[in-house]
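Okay, so here's the structure we're looking at.
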There are 2 protein chains.
Amino acid sequence: MQAVAVDVMGGDRAPEEIMQGALEAAREQDVTILLVGPQEVLDFHLKRNGLASSNLIPVAASQVVGMAESPTDSWKDKQDSSIAVGVRLVKEGRADAFLSAGNTGAIVAASLLMLGTMEGADRPAISSLFTTTQGKLALVLDIGATPECRATHLAQFGRLGSDFMAKVFKYDRPTVGLLSNGEEENKGTRVVKEAHQLLKKSGLNFIGNIEGFDVPRGKVDVIVTDGFTGNVMIKLAESLSESIFLSLKQALGASPVARATKMLWGPPIRSVVRQWDYSTIGGAPLLGVNGNIVMAHGDSSAADIKDGIRLARQMITEGWVVHKEPGILAQGGVHLT
Amino acid sequence: MQAVAVDVMGGDRAPEEIMQGALEAAREQDVTILLVGPQEVLDFHLKRNGLASSNLIPVAASQVVGMAESPTDSWKDKQDSSIAVGVRLVKEGRADAFLSAGNTGAIVAASLLMLGTMEGADRPAISSLFTTTQGKLALVLDIGATPECRATHLAQFGRLGSDFMAKVFKYDRPTVGLLSNGEEENKGTRVVKEAHQLLKKSGLNFIGNIEGFDVPRGKVDVIVTDGFTGNVMIKLAESLSESIFLSLKQALGASPVARATKMLWGPPIRSVVRQWDYSTIGGAPLLGVNGNIVMAHGDSSAADIKDGIRLARQMITEGWVVHKEPGILAQGGVHLT
C-alpha cells in the first residue's frame, strides 16, 4: 500500500484541520498515512477520534517550525521538526511521499538538503496546478522556491513541468510557454531572452513566450517562470478571484430582490466560484528534488489535505519519483517512533 | 484652454473609436483636442461628422506605427508618425498632453528621446491605476517600460508614484509598497532587497514589501515593481477578471431559471463587473518623462478615449508636468499642418 507522510503541524489551521483531513483520507482512500507531529498532539487526536486503524501510523517529531521562521534557522536548530522528520521518512523510503501545509522555505530547504536535486535539475521549483477557461489543468512553475533564476534553471523548469504533466497527468507532449512581457522572442529580461533560446532548442513542445493574458485562458499546459514572478502572479490570482467573489456576494446581498431569489442564481454562481478557486487543486508539487513532496496551501482545510493526499498518491502511482524500497510499511507497519 | 493631442491611429479599434472618443470629448469637455493622423483620415472623419468646432484642430502626420513594430525601427524610420508628431506637439508646448492607444514601445521611445527624463528619474515607468476592494484608486508602476530594473530605478519609481498620487489625486503622503515574494525585507531578488533598503531611507511613506495577495486588497496606494513583473501581473489581472465574468455569463446563461430572472440579479452583478474591469480607469500615465503622456489600452473604445482625455486633463490641471508655454493654442488655434 502507498504510504503518505503528513505534517500535522503545518499550516494556519493545524493541527485540527490537518488531522481531520488525514484521518478521513486514511478511512476513505487506499493509503497508509504516517501522521508526523509531537507525540502528545498525535495521542490526543488519535484518542479523541477513537481510531486505531491499521493504516494510520503516528511518527513523533518533537519540534515545530513556525510559519514565519527562517528556513536556514529551522534547518540548523530543528532537525526533529515535523517537516524534517517527514522529509526523512521519504529519504529513508519509509514514506512514498510527504505532504505539508507548513513553512514553504523550510520544506524546500529540508527537501533539498536531505533528498538532493534530480538529475538535470539544478534548482527546485514549486509548481501549482490550476484550472483554465478551457476546463483543462495547467501547471505553472516556479512559484517561490527559486526567486532568482538563471536561464538554465528556467529551461530546466520547462523540462520538469513537461515531464510532470506527461507522466502524472498523461498529457501527450505538453505545450510549454515562457512567461514574458510580450510574445516576441526579443521581449523580456536578459535571463528570459536567453531561456527562450534554450527552450527553443530543448526538444520540448515549446510554443514561445506567453503573456499574463494567456495564463487563465489556458494557452499552454506548462507555464515557465522564475519563483519571484510566479509567486506574485499566483498570489494575485488567488486574491483577485476571492475579491471579485466577495464583491459579488456583497452586491447580491445588498439587493433585497436578488437576496430573495438566491435559489435561482445561486447554483450557477457557486459552480463558477468553485471553478476559479485557486486553492482547490490540492497542493503544489515540489519538483526537481529526489522525492515526492507536495506542499498544501497555508490555509488548508481538511478537504484540501485530502485533495493533497490524492495528488501525492497520483504522483506515486505514476512513478514521479520511485523510491528504492517502496512498500516498506506495507510489509508490516513499522513504528518509527 | 487645455490642449490634448490624440493619436487617432493608435489602438486595435483605430481610427473609428479613437475619432469618436476625441470628437465627443471636444464636444463635452472644456478642452482643445489636436487630432493627429494622416490628412485623409482626418478629413474623412471631420467631414463625415460635419464638425468644424473651434476646439478641434487637425494635425497631419503622414506615417503610422503598427502595433507590432519595433520601437527602434519606428523611431528611425517614422519621424512623421502620429506618435512622433503627438509627442513633438508636447515638446514644443503646443499640446499640454498627448494620448495614444498605439504601440507602447514606440510611445515610450519617442517620449524618452524627444522629452527626456524628469530630474530624479533615470528610467520611465508606465503606471496603471486600478480600483481595490477598498473602493480607492491605487497605482502600480512600472507595467512595461523598463522590464529590467536596478534598485535605484525601483526606488525612483516609488518616488514618482508617490508624487503622482499626491499631486494629481491629492493623496496625503501616499503609502508605498514594494512588490516581492514575501513580506520580510530579506525576501525577493537581490535587486528587490537592495531597493527595499533604498526605499526605507527615502523619506517616502514606505510600508515595506507587499505580496501579490495585497494588490487587489488595496494595502498600499503605490505599488512598486519592475516592468516585467508589473506587465505580467496587470495582464493576468485583466484576463482573469474577464475570464471569471465570462464563466459567470455562461453559467447563468445555461440555467433557464437564472436566465428568466436576469432582471433580479443582473444589476448587482453588472456593478461588480464595472468595479473589477481593469480597463475602465482610462489610461496609463507614462511617468518619469518630461511631459504629460497617457497611454490608453490597445483595445480602447470611444468611452475609454474620453476617460483617457479626462485623466490627461487632470494631470495638466494639477501640474504634473508644466510646459514652458502653456496655452499657445488657446491664443488663436494655430494650424500646425
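The values are calculated or read from the model by the stated rules, or taken from the named source; none is laboratory data. Just so you know, these numbers come straight off a predicted model, no measurement behind them. Cβ atoms come from the backbone with ideal geometry, glycine included; neighbour counts cover every protein chain shown.
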(message) I'd like to know if segment A:22-38 contains one or more residues that are at pLDDT 95 or above, touching a helix residue (DSSP H, G or I) at 6+ places or on another chain (Cβ under 9 Å) and over 26 Å from residue A:321 (Cβ atoms).
(response) yes
(request) Please enumerate the residues belonging to segment B:209-244 that are in a helix (DSSP H, G or I), touching a helix residue (DSSP H, G or I) at 6+ places or on another chain (Cβ under 7 Å) and either more than 8 Å from chain A (Cβ to nearest Cβ) or of a type in the set (A, V, I, L, M) (or both). (result) B:215, B:232, B:233, B:236, B:237, B:240, B:244
(request) With respect to residue A:191, determine if the residue is touching a residue at least 24 places away in the same chain (Cβ under 8 Å), in a helix (DSSP H, G or I) and either farther than 15 Å from residue A:154 by Cα or of a type in the set (Lys, Arg) (or both). (result) no
(message) Among the residues in segment B:160-174, are any among the small types (Gly, Ala, Ser), buried (at least 18 other Cβ atoms within 10 Å of the Cβ) and over 19 Å from the mean Cα position of the chain (by Cα)?
(response) no
(message) Could you check segment B:132-154 and list, in sequence order, the residues that are small (Gly, Ala, Ser), away from chain A (no Cβ under 12 Å) and in contact with a strand residue (DSSP E or B) (Cβ under 8 Å, 6 or more places away or on another chain)?
(response) B:138
(message) If residue B:259 satisfies all but one of (1) touching a helix residue (DSSP H, G or I) at 6+ places or on another chain (Cβ under 7 Å); (2) more than 10 Å from chain A (Cβ to nearest Cβ); (3) surrounded by fewer than 19 Cβ atoms within 10 Å (Cβ to Cβ), what's the number of the condition it fails?
(response) (2)
(request) State whether the residues of segment A:24-32 include one that is assigned by TED's automatic domain parsing to the domain that holds residue A:304, crowded, with 19+ Cβ neighbours inside 10 Å, in contact with a Pro (Cβ under 7 Å, 6 or more places away or on another chain) and of a type in the set (A, V, I, L, M). (result) no
(request) Those residues that are more than 20 Å from residue A:227 (Cβ to Cβ), crowded, with 18+ Cβ neighbours inside 10 Å and either of a type in the set (Asp, Glu) or without any contact (Cβ under 8 Å) to a residue 24 or more places away in the chain (or both), I need them from segment B:194-239; list them, please. (result) B:221, B:238, B:239
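For residues that are aliphatic (A, V, I, L, M) and more than 11 Å from chain A (Cβ to nearest Cβ), scanning just segment B:180-208, find the one that is nearest to residue A:276 (Cα to Cα). Outline the logic, then answer.
Of the residues in segment B:180-208, the ones aliphatic (A, V, I, L, M) are B:191-192, B:195, B:198-199, B:204, B:207.
When the remaining residues are screened for being more than 11 Å from chain A (Cβ to nearest Cβ), the result is B:195, B:198-199, B:204, B:207.
Values: B:195: 34, B:198: 38, B:199: 36, B:204: 37, B:207: 31 Å.
Going through the qualifying residues, I end up with B:207.
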(request) Determine, yes or no, whether residue A:147 is under 30 Å from residue B:71 (Cβ atoms) and crowded, with 20+ Cβ neighbours inside 10 Å. (result) yes
(message) If a residue counts only when it is of a type in the set (Lys, Arg), which helices (runs of 4 or more DSSP H) contained entirely in segment B:1-108 have at least 2 such residues?
(response) B:39-48, B:82-91
(request) Would you please name the residue that is surrounded by the most Cβ atoms within 10 Å (Cβ to Cβ), looking only at residues in segment A:110-143 that are in contact with a Ser or Thr (Cβ under 7 Å, 6 or more places away or on another chain) and of a type in the set (Gly, Ala, Ser)? (result) A:125
(message) Contact list please: Cβ distance under 9 Å, first residue in segment A:165-176 and more than 14 Å from residue A:128 (Cα to Cα), second residue of a type in the set (Asp, Glu) and loosely packed, with under 13 Cβ neighbours inside 10 Å, pairs at least six apart or on different chains.
(response) A:166/A:172
